[in-house]
Protein chains: 4
Amino acid sequence: MKFNVKSALSYNVNGPTTFIFNIHALNTSSQTVLEENLTIDPAINHDVFTAHDGRSKFMRLKIQEPCNFSMSYSAIVDMSYKIIDENNSENLVSVVELDSYIASFLYPSRYCQSDKLMKFSFKEFGHYATVYDRVLAITEWIYNNIEYTSGSTDSQTSAIDTITERVGVCRDFAHLGIALCRALSIPARYFTGYAYQLNPPDFHACFEAYIDGDWIIFDSTKLVAVNGLVKIANGRDAADSAVASIFGNAVGTSITVDCQVMDDNFQPFIYGGNQKAISFQ
Amino acid sequence: MKFNVKSALSYNVNGPTTFIFNIHALNTSSQTVLEENLTIDPAINHDVFTAHDGRSKFMRLKIQEPCNFSMSYSAIVDMSYKIIDENNSENLVSVVELDSYIASFLYPSRYCQSDKLMKFSFKEFGHYATVYDRVLAITEWIYNNIEYTSGSTDSQTSAIDTITERVGVCRDFAHLGIALCRALSIPARYFTGYAYQLNPPDFHACFEAYIDGDWIIFDSTKLVAVNGLVKIANGRDAADSAVASIFGNAVGTSITVDCQVMDDNFQPFIYGGNQKAISFQ
Amino acid sequence: MKFNVKSALSYNVNGPTTFIFNIHALNTSSQTVLEENLTIDPAINHDVFTAHDGRSKFMRLKIQEPCNFSMSYSAIVDMSYKIIDENNSENLVSVVELDSYIASFLYPSRYCQSDKLMKFSFKEFGHYATVYDRVLAITEWIYNNIEYTSGSTDSQTSAIDTITERVGVCRDFAHLGIALCRALSIPARYFTGYAYQLNPPDFHACFEAYIDGDWIIFDSTKLVAVNGLVKIANGRDAADSAVASIFGNAVGTSITVDCQVMDDNFQPFIYGGNQKAISFQ
Amino acid sequence: MKFNVKSALSYNVNGPTTFIFNIHALNTSSQTVLEENLTIDPAINHDVFTAHDGRSKFMRLKIQEPCNFSMSYSAIVDMSYKIIDENNSENLVSVVELDSYIASFLYPSRYCQSDKLMKFSFKEFGHYATVYDRVLAITEWIYNNIEYTSGSTDSQTSAIDTITERVGVCRDFAHLGIALCRALSIPARYFTGYAYQLNPPDFHACFEAYIDGDWIIFDSTKLVAVNGLVKIANGRDAADSAVASIFGNAVGTSITVDCQVMDDNFQPFIYGGNQKAISFQ
């Protein structure tokens, strides 16, 4: 299924500033970028490259003089995904067999202090029979216990704040999901992307848990269908997957995001039936 | 110069437990492991592998039955290093040119919340002329303002705790150094290793900052000479570079560490003269 | 019912030190100190006084020279209490009618950050019909969700830590109970005292909530019967109710505590029946 | 010297709400309220009372029905103060002699976690000869190291956040000053009031330290002259001294504050000369 994604960002640049943008749709085995367009104003040398771990595509540039800077990006992306169903064999992958890249998502990170949530996560979710059931229970728990409120948190808010204050946005929901998984020794990573029918339109964040050999996507906000997502990046948390990292002196002035399905028969995927979940490879 | 390093760890294992040990000397262009010996008791299948980023060598095993488990490791390692002197050209590498692996060390991590220390670090260290001078000033500041007290902190202590409470151990000194560097957009990574003449003998931690194309080592504890170090691992912080990560139910019972120079003329390297610093590549 | 309470504390004093001890049984309308004995070694001028709010009895002294200092205290205390039963009229006291002293226990304090727990407390406990039911539900929730583990926390641990890490001692259980009450606009204060049949013997902490005109006692540790308590002090939290506040340079070397009932027919009081609760006035 | 102070606050009340306002000028031995006027719209039963410790004058009311609520207050206040000069005898009051009310300001509180700042405060300020010099040094240090930025913090910001992030408003400056004093066993309390020539006009916060028998006022923002202040309240910190505590469902819509001197020859008092400081009794 094809998606048409767009984003546009503007900044007042007040002094020398390096930007690292993370807004390109990623090319993966389940996601093919068919067309892509990037416009930068003023026109400036920039660098587009894939991260060393292959999980982000960055655009980087440095502006020397004060100016109004804007960029817009659009892409047509063909999405596929693997359906995890009852017939997928349950090949449990224990910690001792995880490869080193995947094992790196077991550790606590800036916004996901899993080391502080071990007892809670084990008591609340440790009794479910399978890893899938545990992560599904985590997702439901967050949905039922954290209040989604726009503007309630900021860039320093972490999973510990969210589980205490019980309020947040998609980023906070994702961080808490990741932290609760890692606390149970389930590898979990941050997902940012474009999201169909997100209202109001914006970049979206959720998370992937590594279950029986697949990175399966979970979204405890329930704001969109997970098969309506187009991946921008995976990371440990928002610290290494921010839409824009700014080194210097610039202030954002506007942001617009759009994501449309180029097809008539979009069917939202529902978790928990015979077709249990989906994985973007 | 050759070093002979040893470590031995014992555990009471009370139930199924996966261990990931990070105690092997790393093979790098400046560090060659000449001989190496690993003993595990009881003898059990184990897996030794280098991390996907090449900056750690892990030993991993799973114990199913309760037992007393112990392991001992020894190695002879030939060390070299690059001396950074006045004649090293100052090829400043700006953020916009950093490669993706190095840029990943600009971001805050679990124990190094650089995003909260921007104003402090900029005010205290931002006025020094060169990146080297800034990191040296950070190192001195930590040495002068944080009290080194064994047992004063635990595995949850972070840079924010350390800058507030002004007390810690080598791990905390390293985390604070890393956080203050990253707050100034200087890439910085955690270093764990064996240390000659560390008293009492133990594993040691310090940090490396990326300056003009080299990862230069800094140790704000001043407990040992930096040219008496043998590297075990680099990481973002102690979250991904712990000596032992334990998934299951085991309690440590003993630890011994040793590091000897196999040569007569060890000269401790002093920072800040014409020969300014050293880098392990 | 009469209780015989004892405590003895010893310190190595290394330099000039002021101690403020808070170990005397309090005289209140429901608690009468019949006999009391205090021994200090070395004999030193000291000052015993009741706090300005009448809720603590302090013993204060200053030691100038290094020495081994010890004190022992014993008392016979006659306890009574008010039983809150079904026939107590439910005279709800709303915030707007609280007197100023009682209203002061609505505010967050050092270890009871109720301002951060509003959403959680309201969602979890706000639906109970009466204030008594809410506080009883808070008490049960803490008992069921926080693990009591000796030595798991320290003097900086606060309610936010406890609700996150889910482990603590009596002091932490009390702080969390207080914070959750205040988050629902229920005045709550810290209680320290001697406790009959506490095992191992120690000072104990729990909390009182202000319900319909009475300060009712709740103990979410369930380690002792609440009618086996002898009050030492009330306060906002452990910050102003510590057993010993030390200004100077002294290290504790031993502590012993004892509490015996001087009567044969002690019947532990059970909460939640027709005789719902008890209040020490 | 006479001051004319005014404040007006408006709220959208959406459901039953109890307000506790703390905006009345306090009557003390150095501050006499000559005239006072309070208007409430809609007219509603309300209660004006002095707190049990005499350090606040509250106005309390309960609104049952949704409405737009507004209140305005004005007063003429005659101020005097004690000048602390070189000839004031230095009657040091040690901790062991403090009365119980004053000693209560030695303890950490919600926003002033002095227990975490002991080493820092002792190292940075402990070497000054007198208590006055220590507090003056604390005041200067905050002024020089914390950036005053409107809107940079919120109602949960505490002294620990401020010393880490190095930014705040008057409330945060006061909390940090209090915490650093208490860390040195100097009693310190929060001060809220009206302030002449504060720009933009607003309520103001600073702190008082107890030195040689007097509560001396210090303001590390240096935004106003301390002899241009009219006291509203003293408290442990903003937790018990907020301008408005709201229990229910109401949203503030406007606030205006004014403070004028009714005299021609106002001379700002400068700290640190022969006339060292001033104290409102």
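A short reminder: the numbers here are calculations on the coordinates, not readings from a lab. Only a predicted model underlies this, so the values are computations on that prediction, with no experimental measurement involved. Note that each Cβ is placed from the backbone with ideal geometry, even for glycine, and that neighbours are counted across all protein chains shown.
Neighbour counts of C-beta atoms inside 10 Å place B:E65, A:E36, D:E124, B:E97 in the sequence B:E65, B:E97, A:E36, D:E124, starting with the fewest.
At a 10 Å Cβ-Cβ cut-off, how would you order B:L176, A:L184, fewest neighbours first?
On the way: B:L176 27, A:L184 23.
By the 10 Å Cβ count, ascending: A:L184, B:L176.
Please report, in whole Å³, the volume per residue of the convex hull around the C-alpha atoms of segment C:66-199.
188 Å³
Rg over Rh for chain A works out to 0.97, using Cα positions for both radii and the Kirkwood form for Rh.
Across all C-alpha atoms in segment C:167-281, the radius of gyration and Dmax reach 14.9, 51 Å. Viscosity 0.890 mPa s, temperature 25 °C: give me the Stokes-Einstein translational D for segment C:149-219 in µm²/s, with Rh taken as the Kirkwood radius over C-alpha pairs. Diffusion coefficient, whole number: 192 µm²/s.
Grouping the Cα pair distances of segment B:220-281 into 10 Å bins from zero gives a pair-distance distribution of 14, 36, 32, 14, 4, 0 percent in increasing distance order.
Cβ crowding within 10 Å ranks B:I186, A:I40 as A:I40, B:I186, fewest other Cβ atoms first. Chain C holds its axis-closest Cβ, relative to the rotation onto A, at the residue and whole-Å distance C:T164, 3.
Projecting 7 Å from Cα along the Cα-to-Cβ direction, the label point of C:S74 sits 6.1, 7.0, 9.0 nm from its equivalents in the other copies, listed shortest first.
Could you tell me which of rounded, prolate or oblate describes segment C:110-152, using a ≥ b ≥ c as the square roots of the eigenvalues of the alpha-carbon gyration tensor, with rounded for a/c under 1.5 and, failing that, prolate when a/b is larger than b/c and oblate otherwise? Here segment C:110-152 falls in the oblate category. Each Lys or Arg adds one and each Asp or Glu subtracts one; over the other residues with Cβ under 11 Å from the Cβ of B:D161, this totals -1. Shape index of the protein assembly as shown: Rg/Rh, with Rg the Cα radius of gyration and Rh the Kirkwood radius from the inverse mean 1/r over Cα pairs, equals 0.97. Pairs from the table (A:K116/D:K116; B:K6/B:K231; A:K123/B:K116; B:K116/C:K116; B:K2/B:K57) lying more than 23 angstrom apart at Cα are A:K123/B:K116. Dipole magnitude for the protein assembly as shown: computed about the Cα centre from +1 point charges on Lys and Arg Cβ and -1 point charges on Asp and Glu Cβ, it is near 0 debye.
Distances from B:D41 to itself in the other copies, using label points 7 Å out along the Cα-Cβ axis, amount to 4.8, 7.4, 8.8 nm in increasing order. Each other residue within a Cβ distance under 15 Å of A:D172 adds +1 if Lys or Arg and -1 if Asp or Glu, for a net charge of -1.
Each of D:T139, D:S185, D:A195 was placed along the dipole of segment D:98-196 (beta-carbon charges, centred on the mean Cα), and the one lying farthest toward the positive end is D:S185. The angle between the Cα long axis of helix C:131-145 and the main principal axis of chain C comes to about 60°, on a 0 to 90 degree scale.
Short-range pairs are left out: with C-alpha atoms under 8 Å and at least six residues apart, the relative contact order of segment D:1-150 is 27 percent. The Cβ shell under 15 Å around A:I146 holds other residues with a net charge of -2, Lys and Arg each +1, Asp and Glu each -1. The phi-based Karplus calculation (6.51 cos²θ - 1.76 cosθ + 1.60; θ = phi - 60°) puts the 3J(HN,Hα) values of segment D:43-48 at 5, 8, 4, 8, 9, 10 Hz, whole numbers, x for Gly and Pro. With the helix formula -39500 (n - 2.57) applied to DSSP H stretches of n ≥ 4, chain A reaches a computed 222 nm mean residue ellipticity of -5000 deg cm²/dmol. Over the C-alpha trace of segment B:1-128, radius of gyration and Dmax come out as 20.5, 59 angstrom. Each other copy holds its own label point for C:S152; taking that point as 7 Å from Cα along Cα to Cβ, the gaps run 2.7, 2.7, 3.9 nm, nearest first.
Across segment B:1-62, counting alpha-carbon atoms alone, Rg and Dmax equal 13.3, 43 Å.
Divided by 2.2 N^0.38 Å, where N counts the residues, the Cα radius of gyration of segment B:75-154 comes to 1.41.
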